Amino acid sequence: MLRQMCWLSKSGGDDEKILHLQTASGQPWRPYTAFPQLSVPDYRIPGGSKGWATYQKLLKAGWTLVPSARGSEFGASSYAESTVQR
């Protein structure tokens, strides 16, 4: 399994960036919320980064962080953000 993370905007613009994951070569980047088996609940900090807690967990597990510019080269997610409630 490919294990890459990247901070990308939801809409591909300059708005707020959230953590996206890529688990297979050639697959699009998908928001971390699309992976309930990998994600953890976000910290309850006003204005905090969406996916920061998941980023910390996956970094410790050996995932690779890809620069946002490189992740954007291949296009952001074509999937809608998951609305999993915790």
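Yes or no: SER39 in contact with a Gly (Cβ under 8 Å, 6 or more places away or on another chain), polar (S, T, N, Q) and modelled with pLDDT of 85 or more? Spell out how you get there, then give the answer.
On the way: in contact with a Gly (Cβ under 8 Å, 6 or more places away or on another chain): yes; polar (S, T, N, Q): yes; modelled with pLDDT of 85 or more: yes.
Yes, satisfied.
Checking ALA53 against (1) in contact (Cβ under 8 Å) with a residue 40 or more places away in the chain; (2) surrounded by 14 or more Cβ atoms within 10 Å (Cβ to Cβ); (3) small (Gly, Ala, Ser), which single condition isn't satisfied?
Checking ALA53 against (1) in contact (Cβ under 8 Å) with a residue 40 or more places away in the chain; (2) surrounded by 14 or more Cβ atoms within 10 Å (Cβ to Cβ); (3) small (Gly, Ala, Ser), the one that fails is (1).
Is there any pair linking a residue in the stretch 29-45 that is in contact (Cβ under 8 Å) with a residue 12 or more places away in the chain and farther than 14 Å from GLN4 by Cβ to one that is among the aromatic types (Phe, Trp, Tyr) and crowded, with 17+ Cβ neighbours inside 10 Å, with Cβ under 6 Å and at least six apart or on different chains, and which?
SER39/TYR32
Touching a Ser or Thr at 6+ places or on another chain (Cβ under 8 Å), modelled with pLDDT of 95 or more and not acidic (Asp, Glu): does that describe LEU58? Before you say what the answer is, go through the steps one by one.
On the way: touching a Ser or Thr at 6+ places or on another chain (Cβ under 8 Å): no; modelled with pLDDT of 95 or more: yes; not acidic (Asp, Glu): yes.
The answer is no for LEU58.
Tell me, which residue of the stretch 41-60 that is hydrophobic (A, V, I, L, M, F, W, C) and in contact with a Phe, Trp or Tyr (Cβ under 9 Å, 6 or more places away or on another chain) is nearest to LEU21 (Cα to Cα)?
Across the stretch 41-60, the extreme among qualifying residues is LEU58.
The values are calculated or read from the model by the stated rules, or taken from the named source; none is laboratory data. On a predicted model such as this, the values are computed, not experimentally measured, just so you know. Backbone-built Cβ (ideal geometry, glycine too); neighbour counts: all protein chains shown.
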